[in-house]
Amino acid sequence: MSTASLASILLSSTDPDRLGAWYAAALTPSDDARVGDYRMLRYGAFHLMIDQRDDVGAANPEPGRMILNFDVDDARSVVGRLYDMGVSWLAPLEDRDGSLFATAIDPDGNYVQILQISPEHQAQLAADQS
């Protein structure tokens with residue numbers, strides 16, 4: 001039996017140009033390309049694909065169903081950039097025993113979590129998985 005790997009997610013929007021520009025400015029991708037009608041933003045090995053659809057509303061009515069988690073090296077810097085962009089926050093930056101967490105709201109109402117996991121928590125996670 002073969003195994004699957006999650007490689008991308010598709011965000012549909014009534015205004016994909018605005019949404020794509022927001023993600024590119026907020027969380028600098030390692031690659032930003034257009035493939036047909038899709039905006040393809042690459043973060044590590046993961047692709048955030050953005051397109052336009054007529055069957056979605058302007059705002060996500062249930063944003064808690066899916067939260068995009070971005071692991072970052074410097075959460076304070078990323079959060080500062082988001083503040084400068086005028087982002088709305090579900091949860092401001094907080095220190096949870098050495099790891100940093102914040103949850104922003106993108107222009108379509110999706111939740112975007114910024115994570116900086118401490119070396120101690122990373123070691124504990126690795127130990128728990130072995």
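The values are calculated or read from the model by the stated rules, or taken from the named source; none is laboratory data. These numbers come from a predicted model, not from an experiment. Don't worry about glycine lacking a Cβ; one is built from the backbone with ideal geometry, like all the others, and counts go over all protein chains shown. Each accessible area value is taken on the protein alone, full model and side chains, heavy atoms only, with ligands, DNA and RNA left out. Shrake-Rupley method; radii C 1.70, N 1.55, O 1.52, S 1.80 Å.
Of all DSSP bridge pairs formed entirely within the chain, close to 65 percent run antiparallel. Backbone N atoms of the range 110-130 closer than 18 Å to the 7 Å Cα→Cβ label point of THR3 belong to residues 126-130. Helix 75-84 versus the longest principal axis of the chain: what angle, 0 to 90°, nearest 10, using Cα atoms? Tilt relative to the chain: about 30 degrees. Loop-located trypsin sites (Lys or Arg not before Pro) in the range 13-55 (DSSP state other than H, G, I, E, B) with a sparse environment of at most 12 neighbouring Cβ atoms within 10 Å: ARG53. Between the beta carbons of ARG53 and TRP89, assuming R0 = 30 Å, the FRET efficiency works out to 0.65 to the nearest 0.05. The stretch between THR28 and GLN122, if pulled fully straight at 0.36 nm per residue, gains 31.5 nm over its current Cα-Cα span.
Surface composition of the chain: carbon and sulfur make up 50 percent of the accessible area, probe 1.4 Å. The angle between the Cα long axis of helix 119-129 and the main principal axis of the chain comes to about 90°, on a 0 to 90 degree scale.
The angle between the Cα long axis of helix 16-26 and the main principal axis of the chain comes to about 30°, on a 0 to 90 degree scale. For the chain, modelled as a Gaussian network with Cα springs under 10 Å, which listed residue fluctuates most, SER30, SER88, SER12? Sorting by GNM fluctuation, first place goes to SER30. With contributions of -39500 (n - 2.57) from each DSSP H run of at least four residues, the per-residue ellipticity at 222 nm computed over the chain stands at -7500 deg cm²/dmol. Computed from backbone phi, the HN-Hα couplings of the range 104-115 come to 9, 10, 6, x, 9, x, 6, 8, 10, 9, 9, 10 Hz, rounded to whole numbers (Karplus: 6.51 cos²θ - 1.76 cosθ + 1.60, θ = phi - 60°; Gly and Pro given as x).
Per residue, the chain exposes 61 Å² of accessible surface when a 1.4 Å probe is rolled over the protein heavy atoms with every protein chain present.
Taking every C-alpha pair closer than 8 Å and separated by at least 6 residues, the mean separation divided by the residue count of the chain gives a relative contact order of 22 percent. Under a Gaussian network description of the chain, with springs only between Cα atoms under 10 Å, the residue in GLY80, GLY57, GLY44 that fluctuates furthest is GLY44.
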